[in-house]
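Heads up: the structure comes next, in structure tokens.
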Amino acid sequence: MSRRRDPEWRDRAAAGLLVDCLDQLDLPGPALVMQDPLPHVETALRETGRDVTVFDRRAFGGRDAAPWPPPGPYALATLRLPRGKEELSMSLSAAVSVLRPDGTILLYGAKDEGIQPAMDLVAEVCSGTETIAVGARCRVLRGDGVRAGPRAGGSLEDWKAILTLDYSDLPPAWASYPGVFSHGRLDEGTRLLLDSLPPFPPGARILDYGCGTGVVGYVARARGGELLLEMLDVDAVALEAARENVPASRLHLLDGLPPKEHGPFDAILSNPPFHRGKAEDPQMIVSLIQRAPALLDPEGMLVFVAQRRLALVEALQKHFRDVDILAEDSTFRVWKGLKPRKERRR
């Protein structure tokens, strides 16, 4: 399979490069494996006899997730390179908060993810830095001797940003954190979705799928009165923001839709996830279309925004009796699937 069609190649290559050099490193003591969707690094560290703790902020594949790592102290923290610079700074701060003063950070990622310039951020929290491995279009960076940098060694609360998003139905103060979807702004796909949301009657049960900081759920409730609002995201940090922004909503930390026993919902609203790391994965949207009917009321609807270039009409017509385009622009399209086709029991 080519790299373009393989969304996990960066994860495998970066983890493999780190595993290959572990035997050359004299790093005794307990280890913290941070934010790696694959088990290779954890397994290799356990095979050395170390006490290993795993921390993920995202519940990919049903993994346990939390907004901040468990307390240490640890001698070593390995960190799979996050997508954004701000999230990397926060992740390094989280590592420092649970490492011993003489601890080591190993940061690993692909060159096209920005691993090389990430050395500057490692240097902000470690007194000594070096590149210890290069290969397979990836690098492993090492930082030793943690020190206090900007907000280093703090807590998640230190990284909370209170923002003003440019939309009339949103409040002037909105909580967000580095690494959540569209941190610091209202992305254009979500804006188009908000502009075309249908009204919902009081008491309607709504699921905001891939809720992020809670923008879609907040606006639906603001326009629809006493909705029974549930919010779902794979990112534990995003749900911390949603908890503050949209109180009195039920939160779900899950990778994908909940089991059908959680239904029925009158509507599922979404700006659905489209990436796994840096790679696009349109199958995530197709899966939403396929699985949503089992969670919906017979008269329920799925309303979501997606890239206009994606061919989704066939999947929608297969799983919903009525399919409509509520809005579109040069980049995005808002779809509505109404009256789900339920699978017949055999």
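Treating only the Cβ atoms of Lys and Arg (+1) and Asp and Glu (-1) as charged, compute the dipole magnitude of the chain about its Cα centre; round to the nearest 20 debye. About 1020 debye. Give me the Kirkwood hydrodynamic radius of the range 77-142 in Å, from all C-alpha pairs, to one decimal place? Answer for the range 77-142: a Kirkwood hydrodynamic radius of 11.7 Å. Put ILE105, ILE162 in order of accessible area, highest first, and with a 1.4 Å probe you get ILE162, ILE105. Taking every C-alpha pair closer than 8 Å and separated by at least 6 residues, the mean separation divided by the residue count of the chain gives a relative contact order of 13 percent. With every protein chain left in place and a probe of 1.4 Å, what is the accessible surface of MET301, to the nearest 10 Å²? So the heavy atoms of MET301 present about 30 Å² to solvent. Once the C-beta distance of THR43 and ILE325 is scaled by a Förster radius of 41 Å, the resulting FRET efficiency is 0.30 to the nearest 0.05.
Of all lysines in the structure, the ones whose alpha carbon falls short of 18 Å from that of LYS342, not counting any fewer than 8 places away in one chain, are LYS260, LYS318. Electrostatic tally near ARG142: other residues with Cβ closer than 13 Å to its Cβ, Lys and Arg +1, Asp and Glu -1, net -2. Between the residues VAL246, ILE325, LEU99, the greatest Cα displacement towards the positive end of the dipole of the chain, with unit charges on the Cβ of Lys, Arg, Asp and Glu, is found for ILE325. What is the sum of charges, Lys and Arg at +1 and Asp and Glu at -1, for the other residues whose Cβ falls under 14 Å from the Cβ of GLY300? Charge balance near GLY300 sits at +3.
Indicate the gyration tensor shape class of the range 9-135 (rounded, prolate or oblate), computed on the Cα atoms with a ≥ b ≥ c the square roots of the eigenvalues: a/c under 1.5 is rounded; otherwise a/b larger than b/c is prolate and the rest oblate. Rounded shape, in that the Cα axes give a/c under 1.5. Annotation: lysines with alpha-carbon distance below 20 angstrom to LYS160 (same-chain offsets under eight excluded): LYS85.
For SER168, the shell of other residues with beta-carbons less than 12 Å away shows a net charge of -1, using +1 for Lys and Arg and -1 for Asp and Glu.
The residues ASP64, ASP266, sorted by heavy-atom accessible surface at 1.4 Å with ligands and nucleic acids left out, run ASP64, ASP266 from largest to smallest.
Ranking of ASP187, ASP195 by solvent-accessible surface, largest first: ASP195, ASP187 (1.4 Å probe, protein heavy atoms only, all chains present).
Within the listed set ALA315, ALA94, ALA123, the residue fluctuating most in the Gaussian network model of the chain (springs between alpha-carbon atoms under 10 angstrom) is ALA315. Cα-based radius of gyration for the chain, normalised by 2.2 N^0.38 Å, reads 1.06. For the range 192-345, the relative contact order is 21 percent, taking Cα pairs closer than 8 Å that sit 6 or more residues apart in sequence and dividing their mean separation by the residue count. Which percent of the accessible heavy-atom area of the range 186-278 goes to carbon and sulfur, probe 1.4 angstrom? The nonpolar share, carbon plus sulfur, comes to 53 percent. When the Gaussian network model of the chain links Cα atoms closer than 10 Å, the mean-square fluctuations of PRO273, PRO282, PRO28 top out at PRO28.
Springs join every pair of Cα atoms under 10 Å in this Gaussian network model of the chain, and among PRO247, PRO82, PRO67 the largest mean-square fluctuation is at PRO247.
The values are calculated or read from the model by the stated rules, or taken from the named source; none is laboratory data. Keep in mind it's a predicted model, so treat the numbers as computed, not measured. Ideal geometry is used to build each Cβ from the backbone, glycine not excepted, and the neighbour counts take in all protein chains shown. For the accessible areas, the whole protein counts, side chains as well, though only heavy atoms, and no ligand, DNA or RNA atoms are used. Shrake-Rupley method; radii C 1.70, N 1.55, O 1.52, S 1.80 Å.
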